[in-house]
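The values are calculated or read from the model by the stated rules, or taken from the named source; none is laboratory data. These numbers come from a predicted model, not from an experiment. A quick note on method: Cβ atoms are made from the backbone with ideal geometry, for glycine too, and the neighbour counts reach across all protein chains shown.
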């Protein structure tokens, strides 16, 4: 799956193939190749409209597995999704990715803490998952309004 450039929010969410803020340069190192490989493998499940199916399946499975199994599944999902966002941010610089790329792995940690503390925090983590996504997209909208691009590059005027 190759990242492609689109300019509208609607196209981003209906384009299953994914989007990228600026065109991505060919990988210049093995690390960048690894990032591209990871995003290409995970994008079909975490990008565009299919993310809703993925989230619904993980949410349902997390409740079907009970507290411990559900929280561990959530932790894995939040970590995979957050890692996807950080890899995508490193290559594409989409502004919302820095928020989701930090926030969702933090939720993975919170889920692990919930297991260790013997607390069922699944409702709270899913709400936080949504809030982090909304904050990320709000940040990107503000960034794009001020900089003319959804690519987060420091030093832009």
Pairs returned, first residue in the stretch 100-117 that is touching a residue at least 40 places away in the same chain (Cβ under 8 Å), second residue that is surrounded by 15 or more Cβ atoms within 10 Å (Cβ to Cβ) and not in a helix (DSSP H, G or I), beta-carbon separation under 6 angstrom, 6 or more apart or interchain, are 114/121
Residue set 154, 116; condition surrounded by fewer than 14 Cβ atoms within 10 Å (Cβ to Cβ) and under 25 Å from residue 28 (Cα atoms); output residue 154
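Residues that are at pLDDT 95 or above, within 11 Å of the chain's Cα centre (by Cα) and not in a loop (DSSP other than H, G, I, E, B): does the stretch 58-77 have at least one? Give the derivation first.
Going residue by residue through the stretch 58-77, those that are at pLDDT 95 or above are 58-77.
If we keep only those that are within 11 Å of the chain's Cα centre (by Cα) as well, we get 77.
The next check asks that each one be not in a loop (DSSP other than H, G, I, E, B); those that pass are 77.
Looking for residues that are at pLDDT 95 or above, within 11 Å of the chain's Cα centre (by Cα) and not in a loop (DSSP other than H, G, I, E, B), one finds at least one in the stretch 58-77, hence yes.
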Within the stretch 85-99, the count of residues that are touching a strand residue (DSSP E or B) at 6+ places or on another chain (Cβ under 8 Å) and either without any contact (Cβ under 8 Å) to a residue 60 or more places away in the chain or not in a helix (DSSP H, G or I) (or both) comes to 2
(1) closer than 22 Å to residue 150 by Cβ; (2) in a loop (DSSP other than H, G, I, E, B); (3) at pLDDT 95 or above all hold for residue 21 apart from (3)
Only one of 100, 125 is buried (at least 19 other Cβ atoms within 10 Å of the Cβ), closer than 20 Å to residue 42 by Cα, in contact with a helix residue (DSSP H, G or I) (Cβ under 6 Å, 6 or more places away or on another chain) and at pLDDT 95 or above, namely 100
